[in-house]
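Beneath this line is the structure, given in structure tokens, with notes to follow.
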Amino acid sequence: MSTSVSVSELSTLRHVTLDVGGMTCASCVRRVEKALSRVDGVRSAEVNLATEKASVAFDPSSVTVDALTAAVGMAGYTIIEHVAPGSAASPTASAPSATPPDGDAARHDRDAEIARLRRQWQVALTTGLSMMVLMYLPLPLDVMDWLMPLLLVVATAVQFWAGRPFYSAAWAAGRHGAVNMNTLVALGTTVAYGYSAFVTLWPAQAERLGLPLHVYFEISVVVTALVLMGRWMEAKAKRSTTAAIAALVGLQPTIARVLRDDTEVDVPIEQVAVGDLLRVRPGEKIPVDGVVVEGTTAVDESMLTGEPLPAGKAAGDVLIGSTVNTTGSVVMRATAVGTDTTLAQIVRLVEDAQGSKAPMQRLADTVSGWFVPAVLVTAALTFLGWTFLWPGDDAVSLGVGTAIAVLIIACPCALGLATPTAIMVGTGKAAELGVLISGGEALEQARRLTTWTPCAPPPRPPPRTAPLRSTSRSTAAPPVSSPSPTPPSPSPPTPSPS
């Protein structure tokens, strides 16, 4: 969501990226955007479900990041300021590093979450399919007397172990007067489980009320398993889309060799400051952006330009950080470090592109804001219609089954995830191939392109080579005698003496 901003306000606005936690569907995106936009001083707020980030433009004189955090917290979500690669400053450094602050820890937490989801859906799906097989077996009535309580115990364990994330998220949203995808899943599986538990524990009362003695334990368990499997696949897709950024960040070296008092000192890359003199030996990566002060070499710049041939470098030439020094040892002066380096800016461009919204996504987020309440109303009308209008004896059973189907099948997962996930995959893959895409809008407009015109690379300067020296003592070359012409003859010509 955004509001019109005058040109005079653009220079005073602060743009910040926030990491949002607890979002599960497009309705959550809509709710977070509303919470941010209602804060006085916020000019625009856009939330991306796939990257779980919020981009906010606000007036720092009237609102702070803490106020934004409090507003989102009141809506039932967690939010912290995002630290992009290249902005983790060290207390002793004059400039930040391009190493992501949450590298190993974030990957570990993400892998642990993926492993947990995989374990939960596999156990739940195996249990649900086993229950389904038992329900179709022609078992005698005396077996059903002890089998039904056993199914209740197993279904209870799976329902509240594997389905716990749905209940927690639905309760958190309900406390703030909101509904989301977790509300639909929790409500649908609870209806199936609750009805089955009632007819299992109190069959006499169920018959007195005219309820059929049908159980739906396997439905609640299998639905929980399938939704968890979808979240597992979604988490794996998100992890794979961050591989492009991880590969870019991994290009930067972690140690630089700084010249201090004519002594070479190895220091962390975070402690390199603008103006420092650095020694780069053959085979090492250029630590930061700079210029050559002393020495000559050839640098492999293929990671930036795609050119396979190394470029010659001498005093005064520009060096790009993370490129590879191939031949000579040079001394360079740092001109850009941390977030100002070329690599850090490329990483920031890729992150911004992955977090941007396409025009179609804004429409999907608007629709999804009203989607969940509409699904709840439709499910209630479906239950009432089948229960009171169906003439058969199984009206209640059909009403319960169709209402559960509406609640589960209409979950707006794909509505909010399809477009941002496609943008993340597309921009990330393009970055791996050396193509930088500015955002989702450019990617959406690319379908109108009909002609591609490749840009010609700039002409490369001739390599610096030493002048060729003559090995002859004389300054003039001796005259070369030419053979005398031979008149044409049918026989092969013979060379005449010179």
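The values are calculated or read from the model by the stated rules, or taken from the named source; none is laboratory data. All figures in this text were calculated on a predicted structure; none of them were measured in a lab. Quick reminder, even Gly has a Cβ in these numbers, built from the backbone with ideal geometry, and neighbours come from all protein chains shown. Just the protein is used for accessible areas: all its heavy atoms, side chains included, with ligands, DNA and RNA removed. Shrake-Rupley method; radii C 1.70, N 1.55, O 1.52, S 1.80 Å.
Data table
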item	result
Selection from the range 167-206 of residues that are of a type in the set (S, T, N, Q), farther than 24 Å from Leu228 by Cβ and open to solvent by 30 Å² or more (accessible area, probe 1.4 Å)	Gln205
Number of positions in the range 212-238 that are in a loop (DSSP other than H, G, I, E, B) and surrounded by fewer than 17 Cβ atoms within 10 Å (Cβ to Cβ)	3
Test: residue in the range 181-193 that is of a type in the set (A, V, I, L, M, F, W, C) and without any contact (Cβ under 8 Å) to a residue 40 or more places away in the chain	yes
Those residues of the range 17-43 which are assigned to a loop (DSSP other than H, G, I, E, B), crowded, with 24+ Cβ neighbours inside 10 Å and among the β-branched types (Val, Ile, Thr), in sequence order	Thr24
Flag for Thr200 being in contact (Cβ under 8 Å) with a residue 24 or more places away in the chain, over 25 Å from Arg31 (Cα atoms) and in a helix (DSSP H, G or I)	yes
Selection count where residues are part of a helix (DSSP H, G or I) and either basic (Lys, Arg) or modelled with pLDDT of 80 or more (or both), scope the range 132-171	27
Filter result for Trp386 (at pLDDT 75 or above and more than 26 Å from Cys25 (Cβ to Cβ))	yes
Residue pairs meeting the criteria (Cβ under 8 Å; at least 6 apart or on separate chains; first closer than 10 Å to Thr387 by Cα, in the range 398-410; second at pLDDT below 80 and open to solvent by 10 Å² or more (accessible area, probe 1.4 Å))	Leu398/Trp390; Leu398/Gly392; Gly399/Trp390
Residue that is part of a loop (DSSP other than H, G, I, E, B) and modelled with pLDDT of 85 or more, where the choices are Ser61, Ser94	Ser61
Residues within the range 326-340 that are in contact with a strand residue (DSSP E or B) (Cβ under 6 Å, 6 or more places away or on another chain), in a loop (DSSP other than H, G, I, E, B) and over 12 Å from Lys285 (Cβ atoms), tallied	2
Only listed residue being closer than 30 Å to Gly392 by Cβ and of a type in the set (Gly, Ala, Ser), chosen from Ala235, Ala170, Ala192, Ala178	Ala192
Members of the range 113-127 found to be open to solvent by less than 30 Å² (accessible area, probe 1.4 Å) and either at pLDDT below 90 or of a type in the set (A, V, I, L, M) (or both), listed by number	Ile114, Leu117, Ala124
Scope the range 191-218; condition closer than 17 Å to Val153 by Cβ and not hydroxyl-bearing (Ser, Thr, Tyr); matching residues	Ala192, Gly194, Ala197, Phe198, Val199, Leu201, Trp202, Pro203, Val215, Phe217, Glu218
Single condition His214 does not satisfy, out of (1) in contact with a helix residue (DSSP H, G or I) (Cβ under 8 Å, 6 or more places away or on another chain); (2) within 26 Å of Thr24 (Cβ to Cβ)	(2)
Members of the range 402-413 found to be open to solvent by less than 30 Å² (accessible area, probe 1.4 Å) and among the small types (Gly, Ala, Ser), listed by number	Ala403, Ala410
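Every residue, every condition in (1) among the polar types (S, T, N, Q); (2) modelled with pLDDT of 85 or more; (3) open to solvent by 10 Å² or more (accessible area, probe 1.4 Å), yes or no:
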{"residue": "Ala45", "(1), (2), (3)": "no, yes, no"}
{"residue": "Asn48", "(1), (2), (3)": "yes, no, no"}
{"residue": "Leu68", "(1), (2), (3)": "no, yes, no"}
{"residue": "Gly76", "(1), (2), (3)": "no, no, yes"}
